[in-house]
Amino acid sequence: MISDAPGQMGMTSESASQVPLPEGAGQSNYTVIPKTSAEGTSEGELLEVAMGPQHPSTHGVFRMDVVLDGEHVVKLKPVFGYLHRNHEQIAESTTYLGSMPYTDRLDYLCSMTNNWAYALSVEKLAGLQPPERAEYIRIITAELTRLVNHTCLVGFLLQDMGALGTPLMYAFRERELILDLFEALSGSRMMYNYMRFGGCRVDLSADWIEQAKQVVDGYSRFLDEFEKLLTENEILVSRTQGVGVLTVKLAINASITGPMLRASGVNYDIRKVDKYGIYDRFDFRIPLGDHGDVYDRYMIRVLEMRESVKILNQALRDIPAGPIMDPKAKIRGFRPKAGEAYGRIEGPKGELGFYLISDGSPNPYRYRVRPPSLINLTVLEDMCLGETVADVVIILGSVDIVLGEVDR
Amino acid sequence: METLDQIKDRIEAAVPGARLEIIPNDSPANQPSLLIDHEHAVAVAKFLRDDSQLQFDYASNVTGVDWLDAVLKEKVKVKQVVEGVEKEVEEVIEKKRAGYLEAVYHLYSMELKHGPFILRLRTENRTDKVHLPSLTPIWRGAEFQEREIYDLYGIIFDGHPDLRRLLMWEGFVDHPMRKDYVEPDDFEYEPTPHDEVLERAKEHYPAEAKP
């Protein structure tokens with residue numbers, strides 16, 4: 001307590017006011033904003049909270065600046081860049097093949113599809129055509145990657161919802177089987193560096209195909225078990241249905257792709273639209289959602305896994321013998337003609353594209369990754385407005401981001 | 001989908017005064033693009049999105065490219081009188097091209113399932129006239145990607161609702177994806193400098209770094 005009389009207790013009112021507390025001191029990660037109505041009368045307070053970057057629900061280092069009215073979100077701004085390493089600049093200063101291992105690190109759960117998207121774009125740029133067996137291998141590895149990604153996503157989503165451990169452990173148990181397959185194929189559990197321009201690096205053995213068949217057979221049973229636990233689970237249904245609704249119009253206008261777009265009911269799958277690789281030979285369907293909420297996004301992923309199992313069964317049955325590299329492909333002195341190309345595939349998270357400009361030198365003049373994770377976050381604020389903080393966590397979980405790709 | 005020439009003619013009819021140019025693409029990908037001018041960019045984009053035969057409702061990829069000042073060599077056939085006989089002779093003409101920044105939009109149609117249609121916009125130079133009209137009001141999907149171009153290339157998009165840096169931090173000065181970007185010298189002292197690090201250590205800490 002400061003008395004008015006100077007000199008008492010050795011402390012004056014001046015010395016107390018000379019050291020003002022810095023703004024926001026003692027309130028490290030939130031700010032209070034007064035809330036006023038249109039007439040200017042006070043209506044309580046809003047709270048600005050920084051969710052992240054060190055927050056378990058953000059799946060990495062990602063921050064959301066959230067303004068809350070009580071428990072409800074009034075404003076949400078995502079903040080990126082904590083994992084930015086200027087991937088594109090690195091790739092522009094190395095050779096075309098030299099950045100193939102870097103593409104593994106974009107979306108480190110789906111390295112095989114990253115490899116394929118990059119290889120596909122360079123093949124477009126240089127006019128290469130992979131032989132048939134290589135196309136089959138690519139489809140097998142890409143669909144296995146889709147299984148890995150979607151299984152993990154469902155596990156993480158349930159983890160975000162508070163189902164600690166069990167669903168994620170079930171998901172990781174199955175993922176491990178597929179990672180074993182990839183390790184046998186490429187020598188690495190996650191960073192495969194497997195595709196090459198005009199083919200693949202090593203061939204599949206007959207044993208590998210038998211082993212893959214066993215894994216795929218077991219996967220349907222695993223999905224049955226998983227769905228029995230989750231799909232009609234009362235807690236999951238009440239937490240997710242009607243939460244984070246994304247309308248069709250906004251989804252298209254905001255360039256949303258992948259399972260998120262299809263959960264809103266738009267029939268757009270690049271495997272069907274572009275028919276890249278040899279996807280036109282396989283019999284599979286595109287599951288579509290109806291409401292565009294978190295439950296639909298969960299359900300789409302489960303149904304897509306069942307379609308992937310169908311594709312895998314056909315591909316593992318039909319895979320022909322033959323070479324795995326285009327004989328025209330050059331490993332040394334690879335210099336595509338000047339020009340540009342944009343190639344894209346349906347990655348597990350959405351449209352993964354690579355835009356390349358060649359000036360005839362061994363390095364790409366321009367190398368650009370179109371990251372589905374980043375662009376799908378465009379509508380994060382629209383989906384979260386009016387929802388509670390707990391729902392923000394599962395809405396973000398249902399978008400399915402990997403920060404290695406968001407920040408590049 | 002119509003060919004690029006047909007689309008160009010229809011745009012010229014729909015948006016009077018628009019200056020368009022087809023940029024050829026020599027690679028086997030065969031993806032030529034359309035260069036549009038600044039004043040009519042939004043009108044052209046709106047036409048591409050709303051026209052019933054095109055319906056490019058989906059702006060997939062938006063990116064920047066940096067083109068430095070360059071000397072382009074072009075082979076031209078010139079008629080010359082050589083030893084009294086008129087002959088066609090190939091001559092190499094050197095043209096100076098001033099540098100510019102470019103924004104590239106890859107458009108697709110989700111409704112009609114065709115594409116890509118590639119739009120290009122160019123700034124006047126690389127230093128002070130780096131403004132381009134933003135197409136985010138037409139395609140919201142360009143929002144973060146235009147912010148990224150602003151961040152990494154320094155193109156200023158007029159009409160963008162929220163133009164801030166996306167990946168680099170606020171207060172960062174340069175644009176790291178430009179071709180003439182120089183890394184800042186952020187050398188830190190190491191207790192055991194060696195090789196290249198030793199050379200740099202000598203520059204920074206001449207007294208401490210003894211070979």
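Computed from the coordinates by the stated procedures, all read-outs in this text should not be read as laboratory data. Here the structure is a predicted model, which means the values were calculated and not measured. As a convention, Cβ positions derive from the backbone with ideal geometry for all residues, glycine included, and neighbour counts pool all protein chains shown.
A few points about this structure:
- Per-residue Karplus couplings for segment A:82-88, computed as 6.51 cos²θ - 1.76 cosθ + 1.60 with θ equal to phi - 60°, are listed in order as 5, 10, 6, 9, 6, 3, 5 Hz, Gly and Pro entered as x.
- For segment B:148-159, 3J(HN,Hα) computed residue by residue from phi via the Karplus equation (6.51, -1.76, 1.60; θ = phi - 60°) reads 5, 5, 4, 5, 8, 10, x, 7, 9, 8, 6, x Hz, glycine and proline entered as x.
- The calculated FRET efficiency for A:TYR108 paired with B:ARG97, based on their beta-carbon distance and R0 = 51 Å, is about 0.80.
- Chain A: relative contact order as a whole-number percent, Cα under 8 Å and 6+ apart: 23 percent
- Packing-based exposure ordering (other Cβ within 10 Å, fewest first) of A:LEU158, B:LEU72: B:LEU72, A:LEU158
- Note on A:LYS228: lysines with a C-alpha under 24 Å away, same-chain residues under 8 apart excluded, are A:LYS213, A:LYS310.
- Farthest toward the positive end of the dipole of the protein assembly as shown, out of B:TYR105, A:ILE395, A:LEU374, is the Cα of B:TYR105, where the dipole comes from beta carbon charges about the Cα centre.
- Rounded to the nearest Hz, the phi-derived 3J(HN,Hα) couplings of segment B:77-94 under the Karplus curve 6.51 cos²θ - 1.76 cosθ + 1.60 (θ = phi - 60°) are 8, 10, 7, 9, 9, 10, 6, x, 10, 7, 10, 8, 10, 7, 10, 9, 9, 9, where x marks glycine and proline.
- With the convex hull drawn over the C-alpha atoms of segment A:350-398, the volume per residue is 80 Å³.
- Whole-number percent relative contact order across chain B, with pairs defined as alpha carbons under 8 Å at least 6 apart: 16 percent
- Ascending count of other beta-carbon atoms within 10 Å, so fewest first, for A:CYS200, A:CYS152: A:CYS152, A:CYS200
- Within straight-line cross-link reach of A:LYS349, aspartates and glutamates at Cα separation under 16 Å, skipping those fewer than 8 residues along the same chain: A:ASP104, A:ASP107, A:GLU143, A:ASP269, A:ASP296, A:GLU304, A:GLU307, A:ASP400, A:GLU405, A:ASP407
- Computed from point charges on the beta carbon alone (+1 for Lys and Arg, -1 for Asp and Glu), the dipole magnitude for the protein assembly as shown about its Cα centre is near 1940 Debye.
- Pairs of lysine residues in segment B:3-158 that meet both criteria, 8 or more places apart or on different chains and Cα atoms under 15 Å apart, total 7.
- Residues whose placed amide H lies under 5 Å from that of A:GLU351, excluding near-sequence neighbours: A:THR257, A:GLY258
- Between segment A:304-323 and segment B:1-26, the alpha-carbon centres lie 42 Å apart.
- Separation of the B:GLU90 and B:LEU112 label points, Cα + 7 Å toward Cβ, nm: 4.1 nm
- Distance from segment B:113-183 to segment A:182-251 (C-alpha centre basis), Å: 36 Å
- Rough spin-label spacing in nm, given labels placed 7 Å along Cα→Cβ, for B:GLU196 and B:ASP50: 5.4 nm
- Here A:ARG285, B:ARG140, B:ARG10 are placed in order of increasing Cβ neighbour count within 10 Å, fewest first, which gives A:ARG285, B:ARG10, B:ARG140.
- Three-way shape call for segment B:74-115 based on the alpha-carbon gyration tensor, with the a/c threshold at 1.5: oblate
- Residues with amide H under 5 Å from that of B:ASP26, placed H, sequence gap 5 or more: A:GLU340
- Whichever lysines have a C-alpha closer than 24 Å to that of B:LYS202, once near sequence neighbours (fewer than 8 apart) are set aside: B:LYS210
- Segment A:141-160 and segment A:351-404 have Cα centres separated by 17 Å.
- In this structure the amide hydrogen of A:ARG366, modeled in the peptide plane, comes within under 5 Å of the amide hydrogens of A:ILE357, none closer than 5 places in sequence on its chain.
- Surrounding net charge for A:ALA50, when Lys and Arg each add one and Asp and Glu each subtract one, Cβ distance under 13 Å: +1
- Segment A:249-391 - percent relative contact order, Cα under 8 Å, separation 6 or more: 24 percent
- Efficiency of FRET from Cβ geometry, A:ASP69 and A:MET169, R₀ 35 Å, rounded to 0.05: 0.40
- Projecting label points 7 angstrom from Cα along Cα→Cβ for B:ILE156 and B:ASN30 puts them 4.3 nm apart.
- Tensor-based shape of chain B (alpha-carbon gyration tensor, a/c under 1.5 rounded, otherwise prolate or oblate): oblate
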